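So the structure is just underneath, and the comments pick up after that.
The values are calculated or read from the model by the stated rules, or taken from the named source; none is laboratory data. Just so we're clear, the structure is a prediction, and the values are computed from it rather than from any experiment. Every residue, glycine as well, gets a Cβ built from its backbone with ideal geometry; the counts of neighbours run over all protein chains shown.
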Amino acid sequence: MAKIIDGRAIARTIREQVRDEVQSFRRHGRIPGLAVILVGKNPSSEVYVNMKAKACEETGIHSITDQLDSDISENELLDKIADYNQNPQFHGLLVQLPLPAHINEQKIIESIAPRKDVDCFHPYNVGKLMVGQSIFEPATPAGIIEILRQSKIDPSGKHVVILGRSNIVGKPLSMMLIQKRSGANAVVTVVHTGAEDITKYTLNADILVAAMGKAEIVKADMVKEGVVVIDVGVNRVESDNEKGYRLAGDVDFDDILPKAAAITPVPGGVGPMTIAMLLRNTMKAFRLQEKNIQKN
Ligand code: GUN
């Protein structure tokens, strides 16, 4: 039976470290800040943004959530971002994705000052990550690597199969895991919708990361005995509970549990780690910007 990895517990210890660090800066009158921009009323985005705000409040990071109408123009949004780029109260800045269709997402990402880009979505930061000189690391992939590290699962020399090639998870995680460094050094296969038969790849995984956003499609007969399963999926599945839905991962948890060596649950696995790593990135942005102020 697989060990169930408690992402909430790992995230809690990181949040406590961040809180202690924030307190020590606050004692000297220095307050780290994060600005979060949310455009429109996507229910999942609202949940994520609320979780980010709550985590900031709990750790003492000053945060605001700037909720903008879904019909805001691209230029108005660019002006907002330019203001936050200049505002010294906010060391981190992120725009929750997805954005409404009339706004060019890439243009928005590229307008965020790289030094404040705590999502690590700006091409400058993505490039630094790729060449092994990262300033920030994107939160979900960093959370996955931290889960493996704290669970004493060393990916070095292992075959990691990633399902999904998104800019947020699949692509950056593959880049991070192939780096020649501790906690990485894996052999990575990225599987995507172009594959005819994903089982051909999943059967060869020592570590399987499911991040394609399709509820419970990874089944026990698609993996080998002793696989480590990291489930990034957060899918709403119809249910007869009072909410009308439940959250399900990309992996059929109950089916795989007896066959895997370790598995992350949904909820309570990767999700809480994403928030914890965002807080870490905000502290990194804060420290870097404080250092530069002292230098100038
Ligand atoms: N949408 C889904 N995940 C993320 C994330 O990590 N950051 C932002 N900004 N938007 C998202």
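Tell me, yes or no, whether region 277-294 has at least one residue that is acidic (Asp, Glu), under 29 Å from Ile207 (Cα atoms) and not in a strand (DSSP E or B). No - not one qualifying residue is present in region 277-294. Of all the numbered requirements in (1) within 13 Å of the ligand (Cβ to nearest atom); (2) in a helix (DSSP H, G or I), Leu99 misses one, and that requirement is (2). Given the criteria modelled with pLDDT of 95 or more and either outside any helix (DSSP H, G or I) or within 16 Å of the ligand (Cβ to nearest atom) (or both), does Glu146 qualify? Judged against the criteria, Glu146 is a match. Among the candidates Gly213, Gly244, Gly183, the residue that is out of contact with any strand residue (DSSP E or B) (no Cβ under 6 Å at 6 or more places or on another chain) and within 16 Å of the ligand (Cβ to nearest atom) is uniquely Gly213. Evaluate the following for Asp254: is it at negative phi, of a type outside the set (Phe, Trp, Tyr) and under 17 Å from the mean Cα position of the chain (by Cα)? So Asp254 fails the test.
Figure legend. Inter-residue proximity from region 1-26: first residues in contact (Cβ under 8 Å) with a residue 40 or more places away in the chain and closer than 21 Å to Asp231 by Cα, second residues in a strand (DSSP E or B) and of a type in the set (Gly, Ala, Ser), beta-carbon distance below 7 Å, spacing 6+ or different chains. Indicated pairs: Ala2/Ala262; Lys3/Ala262; Ile5/Ala262. Among the residues of region 174-231, those identified as closer than 30 Å to Ser134 by Cα, part of a loop (DSSP other than H, G, I, E, B) and touching a helix residue (DSSP H, G or I) at 6+ places or on another chain (Cβ under 6 Å) are Gly183, Ala184, Ala186, Ala211.
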